[in-house]
Amino acid sequence: MAIFKSFKAVRPKNEFAHKVAALPYDVMNSEEARNMTQDKPYSFLHVDKAEIDLPTDIDIYDEKVYLKARENLDKLQSDGICCQDSAPCFYIYRQIMNGRSQTGLVGCASIDDYMNNIIKKHEFTRADKEADRIRHVDYCDANTGPIFLTYRENEEISGIINAWKENNAPCYDFITDDGIANTVWVIDDAKINEKLQTAFDGIDYLYIADGHHRCASAVRVGEMRRKANPDYNGSEEFNFFLAVAFPKNELEIMDYNRVMKDLNGYTPEEFIAKMSEKFTVEAYEGEGQYKPEAKHTFGMYFENKWYKLTAKEGTFDEADPVDRLDVSILQNNCITPIFGIEDPRTDKRIDFVGGIRGLGELERRCENDMVIAFSMYPTSLEDLMAIADAGKVMPPKSTWFEPKLLSGLFIHKLS
């Protein structure tokens, strides 16, 4: 059973929430973050990407960056922008994007559940990215960005959350510049919080939807604190990390598309012939871009024309939860054998475009710095869970979740 508990969040006062809330640190680079925070002194990017308050030539992994992050986090509290709740609470976090709503519960998950695979993963992590967030969490003595978790829906949990929303006013309710509505309710009733915590006893597993590096880093810091405090009893806050847990039926995965820099030495005719060995290749005669409408179909934009690709029988194993993924089919039958790209995480000849940018972005990339693009059918949440349940991992860049969880609305102090 999963542990999910209430906590005393450090969070913005109601009138400052929209000024503090910021996109996650890993969806923009330092220059973009500097531009986004002009005339925004309370933006949480000053904590999550503290290099923006230091000289532009600074190494983003310099200790000064982590010290600045801690300084900026402390300043939000000392200036009265943020304060800590006096008693442990759960928090309801609803986002509405393009008419679609998703509602999650903000609380703290257990580092032991992560280590014991009660919290399941579906991605490998990179050591350099982990090391950065380990230092950030350790210096700040806090989890500053929530981990995006999901679980198979539970009627009792949903019922408690819905009843609270219907009968209580929200503390935050604002729309961000990109048009996403963010609403938060504080569950400050100890009995209700106890019911929620007990209800999570009925959840067998939690799944990381997004935030594998943040999650791994939070767990590593917890382990470090345990070594430094050998008499710990398990109730200390460093044994837990900040998360938002959403029922699976509230979420939607968007497509995560691919663009390629060259044809790996093939002529256009040779390339199409190679693709036809593993895919049925048809010219798309419809209007606009081709967006796949079913699994095992793909769009291909090449030489100013869209094509529909369908994976041929025998090119994948339908019984294997990883091999049957469309991202695996394209990787195994096209990107590796034709383009010669073995590791898409590090090869500079491939790039990835989140579905939020639209398929027009694929055409734009092909007009500028790439020569060919592939549009994908979105990976399903059932596929994600099946892979995690099997103890396997997805290929890189398999899922794109929108909307992104904002940082700065909830901060979990470790001590």
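As a proxy for reagent exposure, ranking Ser30, Ser235 by other Cβ atoms within 10 Å from fewest up yields Ser235, Ser30.
Take the Cα of Thr56, step 7 Å toward its Cβ, do the same at Asp389, and the gap between the two points is 5.2 nm.
Work through the residues other than Asp112 whose Cβ is under 11 Å from its Cβ and net out their charges, Lys, Arg +1 and Asp, Glu -1. Mind showing how you got there, number by number?
Numbers: positive: Arg226; negative: Asp113, Glu223.
Taking every Cβ under 11 Å from that of Asp112, the sum is -1.
When the chain is treated as a Gaussian network with alpha carbon springs shorter than 10 Å, the biggest mean-square fluctuation among Ile187, Ile272, Ile341 belongs to Ile272.
Lys308 sits among other residues whose Cβ lies under 13 Å from its own Cβ, and their net charge, with Lys and Arg +1 and Asp and Glu -1, is -1.
Think of each Lys and Arg Cβ as +1 and each Asp and Glu Cβ as -1; about the Cα centre, that makes the dipole of the range 256-377 roughly 280 debye. Distance from the C-alpha centroid of the range 310-331 to that of the range 380-414: 22 Å, rounded to the whole angstrom. For the residue pairs Lys120/Lys227; Lys195/Lys413; Lys40/Lys191; Lys49/Lys413; Lys120/Lys274, alpha carbon separations beyond 28 Å are given by Lys40/Lys191; Lys120/Lys274. Computed from backbone phi with θ = phi - 60° and the Karplus coefficients 6.51, -1.76 and 1.60, the 3J(HN,Hα) list for the range 46-52 is 5, 9, 6, 9, 5, 4, 5 Hz; x is used for glycine and proline.
Less than 5 angstrom separates the built amide H of Asn264 from none of the residues sequence-distant by 5 or more or on a different chain.
Would you please name the GluC sites (Glu not before Pro) within the range 100-199 that are DSSP coil residues with at most 15 other C-beta atoms within 10 Å of their C-beta? Could the numbers behind the result be given before it?
Values: sites: Glu123, Glu130, Glu153, Glu155, Glu156, Glu166, Glu194; in loops: Glu123, Glu153.
In loop regions of the range 100-199 (DSSP not H, G, I, E or B), the sparsely surrounded GluC sites (Glu not before Pro) are Glu153.
Once the C-beta distance of Ser380 and Ile180 is scaled by a Förster radius of 25 Å, the resulting FRET efficiency is 0.60 to the nearest 0.05.
For the pair the range 13-40 and the range 112-174, the centres of their Cα atoms are 20 angstrom apart. Amide H contacts of Thr399: none lie under 5 Å away among residues 5 or more positions distant or on a separate chain (H built 1.01 Å from N in the peptide plane; Pro and chain starts excluded). When all alpha carbon pairs of the range 310-362 are counted in 5 Å bins from zero, the resulting P(r) reads 4, 18, 22, 20, 22, 12, 2 %.
Fewest neighbouring Cβ atoms within 10 Å first, the residues Tyr377, Tyr256, Tyr266 line up as Tyr266, Tyr377, Tyr256.
Couplings 3J(HN,Hα) of the range 5-12, computed from phi: 10, 6, 7, 8, 6, 8, 8, x Hz, in residue order, whole Hz [Karplus 6.51 cos²θ - 1.76 cosθ + 1.60, θ = phi - 60°; x for Gly and Pro].
Could you compute the net charge surrounding Lys13? Neighbours are other residues with a C-beta less than 11 Å from the C-beta of Lys13; K and R count +1, D and E count -1. It would help to have the intermediate numbers written out before the result.
On the way: positive: Arg11, Lys19; negative: Glu15, Asp79.
So the environment of Lys13 carries a net charge of 0.
Estimated translational diffusion coefficient (Stokes-Einstein, Kirkwood radius over Cα pairs, 4 °C, 1.567 mPa s) of the range 256-377: 90 µm² per second.
3J(HN,Hα) couplings calculated from phi for the range 336-350 with the Karplus curve 6.51 cos²θ - 1.76 cosθ + 1.60 (θ = phi - 60°) are, in sequence order, 6, x, 9, 8, x, 9, 7, 10, x, 6, 10, 6, 7, 8, 10 Hz; Gly and Pro show x. Counting neighbouring beta carbons within 10 Å and listing from fewest to most, the residues Lys348, Lys312 come out as Lys348, Lys312.
Read-outs: derived from the displayed coordinates by stated rules, not from any lab. Nothing here was measured: the structure is a model prediction, and the numbers come from that model. Methodologically, a virtual Cβ is constructed for each residue, glycine included, from the backbone with ideal geometry; neighbour enumeration extends over all protein chains shown.
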